[in-house]
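Presented below is the structure to which this report refers.
Derivation of every value follows stated rules applied to the coordinates shown; laboratory data play no part. All values reported here derive from a predicted model rather than from experimental measurement. Glycine gets a Cβ as well: all are built from the backbone with ideal geometry, and neighbour counts include every protein chain shown.
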Amino acid sequence: MDPCMHDKIKLAVWGVGRHARKRILAAIENSKSIELSGIYTRNQTHGKEEAKKRDCRYFLSSDEMLSDPNIQAIFLCTPTGLHFSQGKSVLQAGKHLWCEKPIATSFKHSQELIELAINKNLFVGEAYMYKYHLQFKKLKNIVENLKFGKLNRLICRFSIPTLDQPGFRINPDLGASALLDLGSYTFSLANELFKGQPTFELAEYYKDDKAIDQNGFCVLGYQGGTKAILEWSYNSCYINQAELWFEKGTITTDKIFSKSDDYCPVLRVRMLSGDFEDEKLLSENSYVNMLDHFSHCTIERSTNDYEVILSTSKLISAFAKQVRMPEISWQ
């Protein structure tokens, strides 16, 4: 059922950093299924400015927000290391939880949040926004329909340069981690395109003197000999790319995970002959699409996303365990 046929979901946003201001709040404004009812963030100056700009309430505390009976759902835009404790408080307050990825730093905590939501008849949405863009949907459809035969390899890279304002990315207490921040996207994509639980044929990572993992690399082996080769890094050149090798050709595409609203993705198809064909796709706002999906699932109390959330979380935790990454709570 179209969520636009219902009353709009009354949503509050918890955490108003640069990402929330640039992406989430703007997407909420453009969504037809959501009403921004409030904002809470520790920086009162930013919070009050945004609340005034968006014509919504500014909450002076998280308790005030959680106790507001008018708020139906909360979008958690805080650092990863805070997701579990804050997400738990959202669900315990009887609110639906829409959360930046990943929803927790371990499979155990992800499972606990999902189980709590099910017990309370609430919805949890994990914000891997790329899955709601035509670019990803087209790739997944090609894989599932065997248009170019079986998918044999996924080569996926996500890296970012040194940032002037790294924010939580340099604070271990807030969940700073290239694995959770960037690598999680690559594991999510592998989990979407391949079936079954893989084995780690190779897994490695590097951490700095603050015990923050800076980069990682792994080769996942799936039944039948298919493989996913994943790489992620802080303080490198910007790469945001996926390459899919099929029996009858390859597809390469840039900006698979993060992109501007006006970006028109291109699927570069290499035929068996070596010739190229470029398919240019239309631009669209993956955040608006994601929010409308969350709204629909909230209304319908759908649990269809939970298996994917947990299997991706399990895979990320398995990598952390494989390399014995002490800063990630994989136990």
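Per residue Cα convex hull volume for the stretch 206-292, in cubic angstrom?
172
Can you list the HN-Hα couplings for the stretch 192-207, worked out from phi with the Karplus curve (6.51, -1.76, 1.60; θ = phi - 60°), rounded to whole Hz and with x for Gly and Pro?
Coupling constants for the stretch 192-207: 6, 9, 10, 9, x, 8, x, 9, 8, 7, 7, 8, 8, 7, 10, 10 Hz.
Assigning unit charges at the beta carbon (Lys, Arg +1; Asp, Glu -1) and nothing else, what dipole magnitude in debye, to the nearest 20, does the stretch 1-149 show about its Cα centre?
Once rounded to the nearest 20, the dipole reads 560 debye.
For the stretch 305-315, what does the Karplus curve 6.51 cos²θ - 1.76 cosθ + 1.60, with θ = phi - 60°, yield as ³J(HN,Hα) per residue in whole Hz, taken in order and with x for Gly and Pro?
7, 5, 4, 5, 4, 6, 5, 5, 4, 5, 5
Could you give the semi-axes, largest first, of the ellipsoid that matches the stretch 1-141, computed as the square roots of 5 times the alpha carbon gyration tensor eigenvalues and rounded to whole Å?
Over the Cα atoms of the stretch 1-141, the ellipsoid semi-axes are 22, 20, 16 Å.
Report, ordered by chain and residue number, the lysines lying within cross-link reach of LYS48, taken as a straight Cα distance under 30 Å and ignoring same-chain residues fewer than 8 apart.
Straight-distance partners of LYS48: LYS8, LYS10, LYS22, LYS32, LYS88, LYS95, LYS101, LYS259.
To the nearest 20 debye, what charge dipole does the chain have about its Cα centre, counting +1 at the Cβ of each Lys and Arg and -1 at the Cβ of each Asp and Glu?
In total the dipole reaches around 100 debye.
Take every Cα-Cα distance within the chain, group them into 20 Å bins from 0 onward, and report for each bin the whole-number percent of pairs it holds.
For the chain, the pair-distance distribution reads 31, 59, 10, 0.
Give me, ordered by chain and number, the residues 5 or more places off ASN152 or on other chains with an amide H under 5 Å from its own placed amide H.
Distant-sequence amide H within range of ASN152: TRP245, PHE246, GLU247.
If you line up the Cα atoms of the stretch 251-325 on their principal axes, what length do they span on each, largest first, in Å?
That gives 43, 39, 22 Å along the principal axes, largest extent first.
When ranked by the protection proxy of mean other Cβ atoms within 10 Å per residue, highest first, what sequence do the peptides 202-210, 247-255 form?
Top of the packing list down: 247-255, 202-210.
May I ask which residue of TYR222, ILE155, GLN44 lies farthest towards the positive end of the charge dipole of the chain, with charges of +1 (Lys, Arg) and -1 (Asp, Glu) on Cβ and the Cα centre as origin?
Of the options given, the answer is TYR222.
Rounded to a whole number, what is D in µm²/s for the stretch 63-114 from Stokes-Einstein with the Kirkwood radius over alpha-carbon pairs (20 °C, 1.002 mPa s)?
Approximately 194 µm²/s, per Stokes-Einstein.
When only DSSP loop residues count, what trypsin sites (Lys or Arg not before Pro) in the stretch 22-60 have their Cβ near at most 13 other Cβ atoms within 10 Å?
Listed in order of number, the matching sites are LYS32, ARG42.
Compare the Cα positions of CYS77, TYR206, PHE136 along the charge dipole of the chain (+1 at Cβ of Lys, Arg; -1 at Cβ of Asp, Glu; about the Cα centre) and return the one farthest towards the positive end.
So the residue we want is PHE136.
Can you tell me, using C-alpha contacts under 8 Å and at least 6 residues apart, the relative contact order of the chain as a whole percent?
Reported relative contact order: 19 percent.
Excluding SER159 itself, calculate the net charge of residues whose Cβ lies under 12 Å from the Cβ of SER159, where each Lys or Arg counts +1 and each Asp or Glu counts -1.
Summing Lys and Arg as +1 and Asp and Glu as -1 gives -1.
Nothing charged except the Cβ atoms of Lys and Arg (+1) and of Asp and Glu (-1): what's the magnitude of the dipole of the stretch 146-266 about its Cα centre? Round to the nearest 20 debye.
Charge dipole of the stretch 146-266: 560 debye, to the nearest 20.
In whole Å, what are the Cα extents of the stretch 208-250 along the three principal axes, biggest one first?
That gives 44, 23, 7 Å along the principal axes, largest extent first.
How large is ³J(HN,Hα), in whole Hz, for each residue of the stretch 100-106 in order, when computed from phi with the Karplus curve 6.51 cos²θ - 1.76 cosθ + 1.60 and θ = phi - 60°, using x for Gly and Pro?
Per residue, the Karplus-derived 3J(HN,Hα) values read 4, 7, x, 6, 7, 8, 8 Hz.
For SER283, what is the net charge nearby, where nearby means another residue's Cβ is under 13 Å from its Cβ and Lys, Arg count +1, Asp, Glu -1?
Its environment carries a net charge of 0.
Mind listing the long-range amide H neighbours of SER236? Cut-off is under 5 Å, sequence gap 5 or more, other chains count too, H placed in the peptide plane at 1.01 Å from N.
ILE160, THR162
State which entries of LYS147/LYS195; LYS120/LYS314; LYS52/LYS138 exceed 28 angstrom in Cα-Cα distance in the structure shown.
LYS52/LYS138
Which percent of Cα-Cα pairs in the stretch 158-249 sits in each 5 Å bin, short to long?
P(r) over the stretch 158-249, rounded to whole percents: 3, 13, 23, 23, 16, 11, 7, 3, 1, 0.
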